[in-house]
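Student: The structure that follows is given in the form of C-alpha cells.
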Amino acid sequence: MNKVLDRINSPKDLKSLSLPELKQLANEIRKEIIQTVAKTGGHLAPNLGTVELTIALHYVFDTPRDKIIWDVGHQCYCHKILTGRRNSFHTLRQFRGISGFPNPKESPYDVFGTGHASTSISAALGISTAEYLKNDNGKVIAVIGDGAMTGGMAFEALNQAGELERDLIVVLNDNKMSISPNVGALSSFLSRKLTGRTFRRFKKEIERFLSSLPGGENIIHIVKKSEDSIKTLFTPGMLFLALRFDYLGPVDGHRLEALIKTFKHAREMSGPILIHVLTVKGKGYKPAEQDPTSFHGIGKFKIVPEAPYKVNHKIDDKRPTYTEIFAKTLVDLAKSDKRIVGITAAMPEGTGLFLFKKDFPDRFFDVGIAEQHAVTFAAGLATQGLKPVVAIYSTFLQRAYDQIIHDVCLQDLPVVFAIDRGGIVGGDGPTHHGLFDLSYLRIIPNMIVMSPKDENELRHMLKTAIEYQGPIALRYPRGKGFGVNLDETLKKIPIGEAELITPGEDLAILAIGHMVYPALDAVRMLQREGIYPTLVNARFVKPIDKSLLLKLSRNCKCIVTIEENVITGGFGTAVMEALQELNIQIPVKRLGLPDIFVEHGPQSTLREMYGLHVEGIYTFIKETCLS
C-alpha cells in the first residue's frame, strides 16, 4: 500500500484527502513517531494521543494564516511532520537537529515558542487581540491539556478572554494526565462527563418518568431537542459558560469525522469558544497506553508489545541518579522527623517524591502544574512549624520567583528548595536547561544556596537544609552520580564553609557542584606538568567562604571559578564581589555558560562545546592564568 504520508509536504496537502485516507495517515504518523522516538528519545505518549487532533486542526484551518499555539509543546511531533519537517524528523532533539518543542525559528507554523505549561491561552489571546487591532480575521487556536489547566495562568487568560469577547478557540485536550495522573478538584470536575453508559442510563430514566405523565410524549420531544443543553449542564461546560465561552463537546479526540465536524462548526462561530476533546495518552502503542507516565518523556527504547526496554544507559551502570539519592535520603530523614513534608508540582516521578508518597502519603502534596502555589503553600506550612521540602526542576522554579522572594525569603521561613535538573539537561533544550538558578537565587536576602560535588555530599546537604532555620536551596544536576561510596551517618555541613580538595600555590581553582570532579581531573593534568593549583569545592554560592578567600589571597596570583550556570551574576560573580568586599586585588577568571540560551543536545556534547569538561577546564586555565 502506498503511503499517504509520502504525499504530505504541508497542511495544504491534507485538504484533498478523503476520510479513509486521513485515517490511514494517522496510523502512518503514529508509526513514524514511535520509530523515531525509539531512536532519539522524546515525549512519546503525549504525541501519540494527539495525532487525530493535529490532523483535524490542519485539515480544517488554514495554517499558518490561522495560528495554532501548543501548550507546553511536547505534543507537537505530528504538527512538525505535517508542516514540512518530515525529512528532518529523524534529527528530533539531536544536537543541531529539530527541537522537541515548537520553535518559531524553525518554521512559520510554530507561532509561539513553548516548553512550560499553562501559557497557550494567554499567548493566543494576545495574538488574537493583535489581529483584531490590525483588522486581520485569521483564526487563533490554543491547544491546552487538562494537566496544564491546573496552572493559574490558564484561568487568568480565560477570565480576560471572556471579558474581551475576542475570537479565540481553545481546544482542551483532556486525557486525565499531565506527566503523572492529574490531581485536584478541577481534574475531578473535568472527568465528570455524562457520556457513554452513564448518560444513556440518565436519559432513559428521564424518558421513562416523563412518558408516565399526561402529555409526556410532547415533553419528551422538547427535552430531546434540549439534549445538548442538559449535557452541558452536567459536564464541565457550565464552568466555561460561566467564563463566557461557548462550549462544544465533549468530542472523541480519536474520531476524525467528529473532530472535523466540530472544528468546522467552531470556525464559523465568533467570540471565545472552548472545544472539549477526550483523548487517550499513548494511543496506538499498548505499552504507552498502559504506562503513560513512563512513556511521557522516555530515552531510547526497543519497540516491543510489552514493557519498554531502555537502552539510553549501559546495562552495567548501576550508579544511582542524583534524583534517586535525594528521594531516598529524604525518606530516611522523614522517618525520624515528622515535621518533614514533601511538595511537588505535578512531577512525583520526575523529582523522586513518589518514594516519599509511598511511605508518607499524608505528608506528600502534589499541587498540580502550579509552581507559584507550591511555594506559597510551603510557606504557609512553614509558619506552623512544619519543614516543607519543595522539589521542583530548576527551569520550572523560575515560575515561582516572586513567591520565593515575597512569601518565603521576606518572611525568612524555613522552606527547603530541592532544585533538580540544575545545569545542562540535554535534549529538551533551552526551555529546560537549569542555567540561571545560581544567579537568580543568590541575590535574594535570607536565601542560602548550595550545590554538592557528588551524591554523597548531596545527602549531607539535605540534612543540613532540613535543620537550617531559614530559606535554603539545594541544587543538583540531572543524571547519574559519580558512583562514590555513601556515608552511613549523615552530618551537618557548616553554612558557608568550603572544602579544600588539594592545596597548592600561585593559582586557586574554585568549583561548584557538578564541576568539582572535572576540575580535579584538570588539576591532575596540570600537576603532571609541574603546576600545582589549589582546588576548592566551594559548596556554597551564598554565603561565600570569605575566610578561605583570605587565606588563599596570601600566596595566590589568580583565581579561576567554574560553574555550570550562566556567568552573568553567578558563582564567579559572587566570588568577585566577596573579594571586593575584602579589598583583595586578585584577577578572577570565570568559566561558565555565556549570555545565551543554550541549544538542545546531549549533556556531554554541550559541556564539551562550552569548555565545561576536563580538557576544556585544563585549556581555560592554561590560556587565562598561565599564558
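Student: May I ask you to order 488-501, 359-372 by the average number of other C-beta atoms within 10 Å around their residues, highest value first?
Tutor: Numbers: 488-501: 13.8, 359-372: 19.6.
The packing order, highest mean first, is 359-372, 488-501.
Student: On a C-alpha basis, how far is the centre of the stretch 420-434 from the centre of the stretch 258-279 in Å? Whole number, if you could?
Tutor: 36
Student: Compute the convex hull volume of the Cα atoms of the stretch 122-162, divide it by the residue count, and report the result per residue in Å³ as a whole number.
Tutor: Cα-based convex hull of the stretch 122-162, divided per residue, equals 62 Å³.
Student: I'd like the distance separating the alpha-carbon centroids of the stretch 89-159 and the stretch 515-558, in whole Å.
Tutor: So the separation of the two Cα centres works out to 45 Å.
Student: Residue-wise, which Karplus ³J(HN,Hα) couplings in Hz belong to the stretch 556-567, taking 6.51 cos²θ - 1.76 cosθ + 1.60, θ = phi - 60°, and x for glycine or proline?
Tutor: For the stretch 556-567, the Karplus-derived couplings read 10, 9, 7, 10, 10, 10, 10, 8, 9, 7, 4, 5 Hz, x marking Gly and Pro.
Student: Using +1 on the beta carbon of Lys and Arg, -1 on that of Asp and Glu, and nothing else charged, what's the dipole of the stretch 374-444 about the Cα centre, debye to 20? Each step should come with its number before you reach the end.
Tutor: Working: 4 positive and 6 negative charges, 17 e Å.
In debye, rounded to 20, the stretch 374-444 gives about 80.
Student: Hey, of (1) 100, 57, 53; (2) 81, 56, 49; (3) 82, 80, 51, which did the structure itself give for Cα extents along the principal axes in Å when calculated?
Tutor: Step by step, Cα extents along the principal axes in Å for this structure corresponds to label (1).
Student: Once the Cα gyration tensor of the stretch 322-475 is diagonalised, what are the square roots of 5 times its eigenvalues, in whole Å and ordered largest first, as equivalent ellipsoid semi-axes?
Tutor: Details: eigenvalues 79, 66, 47 Å².
Rounded to whole Å, the semi-axes are 20, 18, 15.
Student: Have a look at the DSSP beta bridges in the stretch 322-475 and tell me what percent are antiparallel, nearest 5. Provide the component values of the computation, followed by the final result.
Tutor: Details: 1 of 21 bridges.
In the stretch 322-475, DSSP labels about 5 percent of beta bridges as antiparallel.
Student: A further question on this structure: Among the listed pairs Lys357/Lys491; Lys335/Lys453; Lys286/Lys338; Lys12/Lys300; Lys105/Lys357, give every one whose C-alpha distance is greater than 31 Å.
Tutor: Details: Lys357/Lys491 25 Å; Lys335/Lys453 26 Å; Lys286/Lys338 41 Å; Lys12/Lys300 33 Å; Lys105/Lys357 41 Å.
From the list (Lys357/Lys491; Lys335/Lys453; Lys286/Lys338; Lys12/Lys300; Lys105/Lys357), the Cα-Cα distance tops 31 Å for Lys286/Lys338; Lys12/Lys300; Lys105/Lys357.
Student: Only Lys, Arg, Asp and Glu count, each charged at its Cβ (+1, +1, -1, -1), so figure out the dipole size of the chain about its Cα centre, rounded to 20 debye.
Tutor: Dipole of the chain, to the nearest 20 debye: 1400 debye.
Student: List every residue whose amide H lies under 5 Å from the amide H of Ile509, counting only residues 5 or more places away in sequence or on a different chain, with H placed 1.01 Å from N in the peptide plane.
Tutor: It is Thr534, Leu535, Val536, Val560, by chain and number.
Student: Hey, another quick one. Quick query: amide H of Val140 versus all other amide H atoms, modeled in the peptide plane; which residues come in under 5 Å with a sequence gap of 5 or more or a different chain?
Tutor: Under 5 Å from the amide H of Val140 lie the amide H atoms of Lys67, Ile169, each far enough along the sequence or on another chain.
Student: In the chain, what cysteines have no partner Cβ closer than 4.7 Å?
Tutor: Cys76, Cys78, Cys409, Cys556
Student: Could you calculate the contour length gain from Tyr532 to Asp595, that is, 0.36 nm times the residue separation minus the distance between their Cα atoms, to one decimal place in nm? All intermediate terms of the calculation are to be shown ahead of the outcome.
Tutor: On the way: separation 63, 0.36 × 63 = 22.68 nm, distance 3.12 nm.
Taking Tyr532 through Asp595 to full extension adds about 19.6 nm, to one decimal.
Student: Let me ask something else. Which of the peptides 387-395, 592-600 is most tightly packed, and how do the rest follow, judged by the mean count of other Cβ atoms within 10 Å per residue? Provide the component values of the computation, followed by the final result.
Tutor: Working: 387-395: 25.3, 592-600: 16.1.
Going by the mean number of other Cβ atoms within 10 Å, highest first, we get 387-395, 592-600.
Student: Starting from the amide H of Val449, placed 1.01 Å from N in the peptide plane, find each other amide H under 5 Å away whose residue is 5 or more places distant or on another chain.
Tutor: Ala473, Val541, Lys542
Student: Then there's this: Whole-Hz ³J(HN,Hα) for each residue in the stretch 68-76, computed from phi via Karplus 6.51 cos²θ - 1.76 cosθ + 1.60 with θ = phi - 60°, x for glycine and proline: what do you get?
Tutor: So the Karplus estimates, Gly and Pro as x, are 10, 10, 8, 6, 6, x, 7, 10, 9 Hz.
Student: How much of the DSSP bridge set in the chain is antiparallel, in percent, rounded to the nearest 5? The partial results should precede the final answer.
Tutor: Working: 11 of 67 bridges.
Just about 15 percent of them are antiparallel.
Student: If you don't mind, there's one more thing I want to ask. Which of Gln527, Leu248, Ile596 sits closest to the plus end of the dipole of the chain, meaning its Cα is farthest towards the positive end, when Lys and Arg get +1 and Asp and Glu get -1 on the C-beta?
Tutor: Leu248
Quick note: the coordinates plus some simple rules give every number you see, no bench work behind them. Every value quoted in this text rests on a predicted model; they were computed, and no experiment measured them. In this analysis, Cβ positions are derived from the backbone assuming ideal geometry, glycine residues included, and neighbour counts consider all displayed protein chains.
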